[in-house]
Amino acid sequence: MLPNPHGGGKTDPTHPRARWRLWAGWAVLSALAILMARDFDWRETVAATAGADPAWLILAVAANWMILVLATAQWLLFLPEGARIPRRTMFGIVAVTSAVSNGGPPLAGHAAGARLLATRGELGNVGGVAVTILDQLAEGVTKLMVIAAAALFVPGFRYGLAVALIVLIPVLVAGLTLLAHRRDSLEHLAAQHTGHTGSVLRFVAATAHHLGPLLRPGRFAAGVLLGVAQKIVEGLAIAAVALALGITLPAWAVLAAVLAVSLSTLVAVTPANLGSYEGTAFLVFRSAGLDADSAIALAVIQHAAYLIPLAGTGWLWESARLWRKIRSGPVMADTSEDDSVR
């Protein structure tokens, strides 16, 4: 395990405040879930499922749940050199991060993921930030690949917001790769400064040291492929929801829907991207020839089949952890996870 000179490591689970932190973390996650559930139009969603084939709906939820499994494998690939996090612990980190992302304000999920990696994963703040950066870079490259596929197969494809990504993502990847190559120079520069400037430079230099996967193209490419796999299972889930409603979507419409809802997250202003997600999906389905009622029904059910596993799994995971701690009596030492969701 890497040393943790930058703080954010595991707190003593026998400390009296550990139990309160455990309860507080579960309460915050529950509050986010309640707010998301309150804002989502479940009544319309349930009404839209009338007559739908439940087997296809279950398959759609299962396919979306696989996103968490693939994301876990991806984050394990992006760990700093020498770091080890048990797969079960990493799955919990990913699940809780996803729950916060789909229940909290924009960027809350990124902050939660970095913090959980720093504490439960024992990577420290620098390591947690580095993995989060690599995850977002891989997500950006994945979006570029989906854009390229859409440009080839979606009729009348318009680039719009995609143009910014086509320019920005390669620049970020190149810039951070250069940063990783020059990490020794950054450390030397940081050593020449003190105070706030020196602290910032030391943090940047330490983060650059943890961007090792960018110096191993094969490993980063494997992470990107896992990101592509996440988009594929998301597309399969959309197709499954359509089949549940007796709708056969053309392959290009599924691809366009995956891209549209993915790009809508870049300008999301509501928790779980409520409204924007359904709106962008609705426009895609209308362009595929669906009538308005069918298009909105497919959009809202599709979003529900996405939110149930991606927001619900993290809450269930934290609830199970809390129950285990309650049953065990006093807060006991845990060798794999920190007791705080912070």
Expected sort for 44-56, 110-122 on mean C-beta neighbours within 10 Å, highest first, is 110-122, 44-56
The relative contact order of region 47-326, taking Cα pairs under 8 Å that sit 6 or more residues apart, comes to a percentage of 32
Projecting the Cα atoms of 70, 157, 257 onto the charge dipole of region 47-326, where Lys and Arg contribute +1 and Asp and Glu -1 at Cβ, the residue farthest towards the positive end is 70
By the mean-Cβ-within-10 Å protection proxy, highest first, 96-102, 24-30 rank as 96-102, 24-30
The set of residues whose placed amide H lies less than 5 Å from the amide H of residue 103, leaving out same-chain residues fewer than 5 positions away, is 272
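Restricting to Cα atoms and excluding each atom paired with itself, what does the Kirkwood estimate give for region 47-326 in Å?
20.0
What list do you get for 66, 90 if you sort them by fewest beta carbons within 10 Å?
Listed from fewest to most nearby Cβ atoms, that is 66, 90.
I'd like to compare 75-88, 138-151: which one has the highest average count of other Cβ atoms within 10 Å, and what's the full order after that?
The packing order, highest mean first, is 138-151, 75-88.
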Between the modelled labels at residue 174 and residue 323 (7 Å from Cα along Cα→Cβ) the distance in nm is 5.3
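Where a number appears in this text, it was derived from the coordinates with a stated rule and is not lab data. Model, not experiment: these values are computed from the prediction. Here the Cβ is made from the backbone with ideal geometry for all residues, glycine too, and neighbour counts use every protein chain on show.
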